[in-house]
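To start, the structure itself, in structure tokens.
The values are calculated or read from the model by the stated rules, or taken from the named source; none is laboratory data. Note that this is a predicted model, so its numbers are computed, not measured. Methodologically, a virtual Cβ is constructed for each residue, glycine included, from the backbone with ideal geometry; neighbour enumeration extends over all protein chains shown.
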Amino acid sequence: MPRNHRVLPAVVLVGLALAGCAEADRATELTATATTTVRVVVTTTTTILTPTVAATEAPTPEAVVPTRPENEVVEEKVVELTNAERARVGCAPLVADDRLARAAREHSVDMAAKNYFEHHSKDGRSFVDRVKAAGYPAPGAENIAAGHKTPELVVKGWMDSPGHRANIVNCRLKAIGVGMARGGSYGIYWTQNFGW
């Protein structure tokens, strides 16, 4: 007879578990009571429940808050890393300038789209021409790179190159704009424009 007393609460608990979520609070209450007064042997089983879906009206779409493009995030990181290198040699930080960034981004996009890697654009324009066309009056220098997958790698590459490093640590330069684009045979193109 004691065996039947153990089986009955177990059957009740299994029945409640299979009954679904409608009585979830009640099932929890009964389970807690049953486990405190009866010794229950637990075995593991797999139960597959197939939910039923009732037709409902489509929800009103929520406003989507756009995230910042990847380019802006990595471009800002290059500015940050460049200023860290300048600080190491005692230079003031460069101020990010939207016009320099626009010229840099357009050059990176052009190199990726037309699959070339040069300071002069395919249309013959120099960085001075591009920077002035973007509205910045005093172009200073330009660094370009291709194939570096992260901001850290591209800045390291420039710092390992004497000419590029000289541009980064030129304390007379005051402003910076960075542009990155994906595509072309190198996969990723970087341009760093500096201004006086």
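A compact table of results
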{"quantity": "Count - residues of region 122-136 that are part of a loop (DSSP other than H, G, I, E, B) and either free of Cβ contacts under 8 Å to residues at least 24 places away in the same chain or within 27 Å of G187 (Cβ to Cβ) (or both)", "calculated": "6"}
{"quantity": "Pair list, Cβ under 9 Å, 6 or more apart: region 105-121 residue within 18 Å of V79 (Cβ to Cβ) and basic (K, R), other residue modelled with pLDDT of 95 or more and crowded, with 17+ Cβ neighbours inside 10 Å", "calculated": "R105/E75; R105/G177; R105/V178; R105/G179; R105/M180; R105/A181; R105/T191"}
{"quantity": "Residue satisfying all of: in region 166-196; touching a residue at least 12 places away in the same chain (Cβ under 8 Å) and part of a helix (DSSP H, G or I); surrounded by the most Cβ atoms within 10 Å (Cβ to Cβ) among these", "calculated": "I168"}
{"quantity": "Single residue of region 147-165 satisfying the filter (surrounded by 20 or more Cβ atoms within 10 Å (Cβ to Cβ) and of a type in the set (A, V, I, L, M)) that is farthest from E118 (Cα to Cα)", "calculated": "V155"}
{"quantity": "Scan of region 137-152 for residues that are outside any strand (DSSP E or B) and under 19 Å from V78 (Cα atoms), ordered by number", "calculated": "G147, H148, K149, T150, P151, E152"}
